[in-house]
Structure formats: C-alpha cells, structure tokens
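Beneath this line is the structure, given in structure tokens, with notes to follow.
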C-alpha cells in the first residue's frame, strides 16, 4: 500500500479547513448605511440614528460618546425583533462630535459591532 507524503496530507487538511471557513466568513452581517451618515456635519440635532444592515439584525448594546468624552449606555429599541432597518432614539444633543457605538447579533448567532460618528454644529432639534 502506497503512503501519502506528509506534505500532501497537510495540504488536503488546509483545503478542507479553508473551504469550511469561507461560508462562515461570508455569513456575517454588514452595515450598509446610516442616517445620519458616518462623518456627517449637521445643523440640526437628529432625533434618532437609523442603521441599515444587509441581513436581519438585533441590537444587543448601544452607547453614545458625548463631546466631553463621557459615554452613556442607551436603551435598546423597544421592539427587539430581527430587522434590516433599526431606528435608535437619541437624547437631546448640543453642538459637538458624537459617536454611537453598537453591537448586534445576526440570525446566524454571530455578534458584530461598529461605530457611527457625526458632528452637530447647530441647535438641538
């Protein structure tokens, strides 16, 4: 009986591993857009941040970093269904730079996170 070289066995194992990993890597959710857009300069304070994902998502954590650097946890939207479009109510904002940080979970049970930043140069809205 002919024995396979060790190098060939490792090559087969690597190909199997990579072919299994590919679909998992593709399964993650991705943020398509936000309103206000990341990096936006606004004259009026938004009442909410709308996050649009490519797949159904449920938010699991939200926080807002204020212009002075403090971070406040925000309440999760009341309806915690998996959706592609999620609206996050924002508190009353004054002029300055804000960062909304979020963590979400897809229907495939993968967790992912991101941050959207915007600057307010006008009045509270």
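Just so you know, all these numbers are worked out from the coordinates, no wet-lab data involved. What you are looking at is a predicted structure, and each value in this text was computed from that prediction instead of being measured. When we count neighbours, we look across all protein chains shown, and the Cβ atoms used for this are built from the backbone with ideal geometry, even at glycine.
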Taking 93, 81 and counting other beta carbon atoms within 10 angstrom, the fewest-first order is 81, 93
What shape does the range 74-121 take by its C-alpha gyration tensor, where a ≥ b ≥ c are the square roots of the eigenvalues and a/c under 1.5 counts as rounded, a/b above b/c as prolate, and the rest as oblate? prolate
For a test of the definition: using alpha carbon positions, the gyration tensor, and the 1.5 limit on a/c, classify the range 29-123 as rounded, prolate or oblate. prolate
In nm², the average projected area of the convex hull spanned by the Cα atoms of the range 24-76 is 5.1
